[in-house]
Amino acid sequence: PQHLPFDLIDYLELVDWSGRAIRDDKRGAIKESLPGILQRLGLPSKDWLDTCCHIERRFGRAIGPVAKVSELCESLHLNWMHGIRNCRRLYPQTG
């Protein structure tokens, strides 16, 4: 975005670094032993950035593993939800 003086990926890394700098006994602390945020989510940085830039066009009410989005569809009594194909592409390891 134009209002940030750096890329989104750099911002996410800054937030991740800040969480690791907080003392372990404080809320919001991230253990040093945990992998980076995008690695923990199983998302390549290029895919994440592309998703963020086109989120409104590519997804409807939900983003996540297809099984979770399908559960949401059932709970809302829907047969289909916009963006399910993109969920499948973004989260291939989960369905």
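Rounded to a whole number, what % of the accessible area of the chain do carbon and sulfur atoms account for, probe 1.4 Å? Provide the component values of the computation, followed by the final result.
Details: 4000 of 7240 Å².
Ligands and nucleic acids excluded, carbon and sulfur give 55 percent.
So for the chain, Kirkwood radius off the Cα pairs, Stokes-Einstein at 37 °C and 0.692 mPa s: how many µm² s⁻¹?
Values: Rh = 15.3 Å.
The estimated diffusion coefficient comes to 215 µm²/s.
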> When the Karplus curve 6.51 cos²θ - 1.76 cosθ + 1.60 is applied with θ = phi - 60°, which whole-Hz ³J(HN,Hα) does each residue of the range 81-90 get, with x for Gly and Pro?
Replying inline: 9, 4, x, 4, 5, 5, 4, 4, 6, 6
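For the chain, what is the mean residue ellipticity at 222 nm derived from helices alone (per DSSP H run of n ≥ 4: -39500 (n - 2.57); sum divided by total residues; nearest 500 deg cm²/dmol)? Don't skip to the end; give the middle numbers.
Numbers: 6 runs with 49 residues, N = 95.
Counting only the DSSP helices, I get -14000 deg cm²/dmol.
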> Along the positive direction of the dipole of the range 1-82 (beta-carbon charges: Lys, Arg +1; Asp, Glu -1; about the Cα centre), which of 14, 82, 49 reaches farthest?
Replying inline: 82
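The values are calculated or read from the model by the stated rules, or taken from the named source; none is laboratory data. Computed from a predicted structure; not experimentally measured. Glycine gets a Cβ as well: all are built from the backbone with ideal geometry, and neighbour counts include every protein chain shown. Protein only, heavy atoms only, side chains kept; ligands, DNA and RNA dropped before computing areas. Shrake-Rupley method; radii C 1.70, N 1.55, O 1.52, S 1.80 Å.
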